[in-house]
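Read the structure below first, then the notes.
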Amino acid sequence: QVQLVESGGGLVQAGGSLRLSCAASGRTFRRYATGWFRQAPGKEREFVSAISGIGTDTAYADSVKGRFTISEDNVKNTVYLQMNSLNPEDTSIYYCAQKERDSYSVNSGDYEYWGQGTQVTVSS
């Protein structure tokens, strides 16, 4: 079993930056792929970014490409999402998730473990 805890959300002005963290505990000796998803009120959960279990492969949604960067710290069992040039359309609850495979997926249904989410609000 894996437990995931997100942190780093908050309120920021348009053009600002935030760094989200996803701390994993439990069976973290396995190298699971990690994904970031977000869900705004009244909208479906959407893929944001993902990293493979060994950190060699990454993926980004077109809407965040060039602005967001995913990375990992294996010593701390933590995956980060650096978000720059934020705009109001990025306002959402951001969730991290892990799947019991090295390869990432852009489909939320492929992930077995989820955090509780962290709110990101970008004001104009």
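The values are calculated or read from the model by the stated rules, or taken from the named source; none is laboratory data. Since we're looking at a predicted model, the values are computed, not measured. Virtual Cβ from ideal backbone geometry, glycine too; neighbours counted across all protein chains shown. Calculation scope for accessible area: heavy atoms of the full protein, side chains included, ligands and nucleic acids excluded. Shrake-Rupley method; radii C 1.70, N 1.55, O 1.52, S 1.80 Å.
Would you check if VAL48 is touching an Asp or Glu at 6+ places or on another chain (Cβ under 6 Å), part of a strand (DSSP E or B) and touching a residue at least 24 places away in the same chain (Cβ under 8 Å)? Quick ask: steps written out before the conclusion?
On the way: touching an Asp or Glu at 6+ places or on another chain (Cβ under 6 Å): no; part of a strand (DSSP E or B): yes; touching a residue at least 24 places away in the same chain (Cβ under 8 Å): yes.
In short, no.
Of everything in segment 51-74 that is outside any strand (DSSP E or B) and open to solvent by less than 60 Å² (accessible area, probe 1.4 Å), the residue that is farthest from GLY16 (Cα to Cα) is GLY53. Quick one: in segment 77-124, of everything that is among the hydroxyl-bearing types (Ser, Thr, Tyr) and more than 14 Å from the chain's Cα centre (by Cα), which residue is farthest from LEU18 (Cα to Cα)? Restricting to residues being among the hydroxyl-bearing types (Ser, Thr, Tyr) and more than 14 Å from the chain's Cα centre (by Cα), the top hit is SER103. Strands (runs of 3 or more DSSP E) fully within segment 75-124 that include at least 2 residues being at pLDDT below 95, open to solvent by 70 Å² or more (accessible area, probe 1.4 Å) and farther than 19 Å from PRO41 by Cα: none found. In this structure, SER25 qualifies as of a type outside the set (A, V, I, L, M) and open to solvent by 40 Å² or more (accessible area, probe 1.4 Å). Determine whether SER21 is of a type in the set (Ser, Thr, Tyr), in a loop (DSSP other than H, G, I, E, B) and under 23 Å from VAL122 (Cβ atoms). Here the answer is no, as SER21 does not meet what is asked. Could you say whether any residue in segment 31-49 is open to solvent by 60 Å² or more (accessible area, probe 1.4 Å) and under 18 Å from GLN3 (Cα atoms)? Yes; the residues of segment 31-49 include at least one that is open to solvent by 60 Å² or more (accessible area, probe 1.4 Å) and under 18 Å from GLN3 (Cα atoms).
So which of LYS99, LYS65 ends up being over 22 Å from GLN1 (Cβ atoms) and of a type in the set (Lys, Arg)?
Details: LYS99 fails: over 22 Å from GLN1 (Cβ atoms).
Going through LYS99, LYS65 in turn, the sole match is LYS65.
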